[in-house]
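The values are calculated or read from the model by the stated rules, or taken from the named source; none is laboratory data. Predicted, not measured: the structure shown is a model, and the values here were computed from it. Here Cβ is always computed from backbone atoms with ideal geometry, including for glycine, and neighbour counts include all displayed protein chains. Only protein heavy atoms, including side chains, enter the accessible area calculation; ligands, DNA and RNA are left aside. Shrake-Rupley method; radii C 1.70, N 1.55, O 1.52, S 1.80 Å.
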Amino acid sequence: ENPVTFIQLYEEWKGYHFPNISKKRTENITIAKKSCDKIDNVKWVDVGLRLMQECVNNAKETYYPRRNVKDLFSALEKYATDCGYPSHQFASRIKLPPKTAPHKEAFTDEEIAKLWDYYSAGNDFTGNILIMIYTGMRYGELTTIKKVIRVKANK
């Protein structure tokens, strides 16, 4: 018997799976697979947790690319089991880096003061930015509001 290698299993799974997913998801999986190139010729039954973790660690050092590699291993494990290939359930034990919250810079007091100066000088668009800063409203929400015409009093 000639057990299936990682690349053989991947190619078989890819032919079955890729026609059913989006182009973007296909691209993400293809990129994830590149992190696993060094195990292409390893027999699937010999791809243990250590090799899987090394592949995950080889991916770009952020959460989502590494999660895509883990997802790939999970999908291959399920496919191998469904097809009757000897398989294991190591993917659930792969460690991922912590998921970091996006860092958003708030406007400084000086920047807000400048926006008020621009608004006072007649730049009405700056008022939209000020509304979003003070209310937390998003641009899409702001654009649904009917425009109010600002009338300047005659002196």
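Just a few scattered comments:
- Å² per residue, accessible surface of the chain at 1.4 Å: 72
- For the chain, Cys83 have no disulfide-compatible partner, since no other Cys C-beta lies under 4.7 Å from theirs.
- If you run the Gaussian network model on the chain, springs between alpha carbon atoms under 10 Å, then out of Gly127, Gly140, Gly15 the most flexible one is Gly140.
- Accessible area in the full protein assembly, largest first, 1.4 Å probe, for Tyr134, Tyr79: Tyr134, Tyr79
- Directionally averaged projected area (convex hull, Cα atoms, the chain), nm²: 14.5
- A convex hull fitted to the Cα coordinates of the stretch 15-83 yields 90 cubic angstrom per residue.
- Debye, to nearest 20: dipole size of the chain, +1 on Lys, Arg Cβ, -1 on Asp, Glu Cβ: 560
- Here's the picture: charge each Lys and Arg Cβ at +1 and each Asp and Glu Cβ at -1 in the chain, and of Asn57, Leu9, Thr26 the one pushed furthest to the positive end of that dipole is Thr26.
- Accessible surface of the chain [probe 1.4 Å, protein heavy atoms]: carbon and sulfur percent: 54
- Max mean-square fluctuation residue, GNM over the chain, Cα-Cα springs under 10 Å, options Cys83, Cys55, Cys36: Cys83
- Inter-label distance, Ile7 to Ala113: 6.4 nm, where each label sits 7 Å from its Cα along the C-beta direction.
- 0 to 90° range, to nearest 10: angle between helix 23-34 axis and the chain longest Cα axis: 50
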